[in-house]
1. Quick one: how many residues across the stretch 50-81 are in a strand (DSSP E or B), surrounded by 10 or more Cβ atoms within 10 Å (Cβ to Cβ) and not β-branched (Val, Ile, Thr)?
2. Has the stretch 106-114 got any residue that is more than 21 Å from the chain's Cα centre (by Cα), open to solvent by 70 Å² or more (accessible area, probe 1.4 Å) and at pLDDT below 85?
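The values are calculated or read from the model by the stated rules, or taken from the named source; none is laboratory data. Here the structure is a predicted model, which is why all the values come from computation and not from measurement. Glycine gets a Cβ as well: all are built from the backbone with ideal geometry, and neighbour counts include every protein chain shown. These area figures cover heavy atoms from the full protein model, side chains too; ligands, DNA and RNA do not enter into them. Shrake-Rupley method; radii C 1.70, N 1.55, O 1.52, S 1.80 Å.
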Amino acid sequence: MAPIFDEGSDTSALSITRETLEVLLRRLVTKDKPSVRFVNGTVIGFQKSADGRLIDELLWRTPSGAPQKILNPGLVVDATGASQSGLKWLNKSGFTLPATLRIQYQVPLHYVTIFLRLPPH
């Protein structure tokens, strides 16, 4: 992360790579929240609760292929992008999606790379 400041100007910028931004966001999300946990793997599916309203179990596989489950997840985030796999997993698990659900994918974040040659002073 490299802050860029132009002395005497109101303009400032923060240059940050995508990888660093992800680490920063994860730290901010988990700061003082021990119940928040990130896992690395592939979702296999969900199990519905007895009343059919909630996700009772999140089923996933580690990078080495070992099956895992998380019981009573409070929040599940679908970060699969345009493939919208979360909606497919919900359908496969028997959840009924509202007919009025509008599925749309618009990323409001843009990445820019700029190279500048700066004088040595």
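1. Matching residues across the stretch 50-81 total 9.
2. We begin by selecting, within the stretch 106-114, every residue more than 21 Å from the chain's Cα centre (by Cα); these are 113-114.
Cutting the leftovers down to open to solvent by 70 Å² or more (accessible area, probe 1.4 Å) gives us 113-114.
Filter once more, keeping what is at pLDDT below 85: 113-114.
Yes, the conditions are met somewhere in the stretch 106-114.
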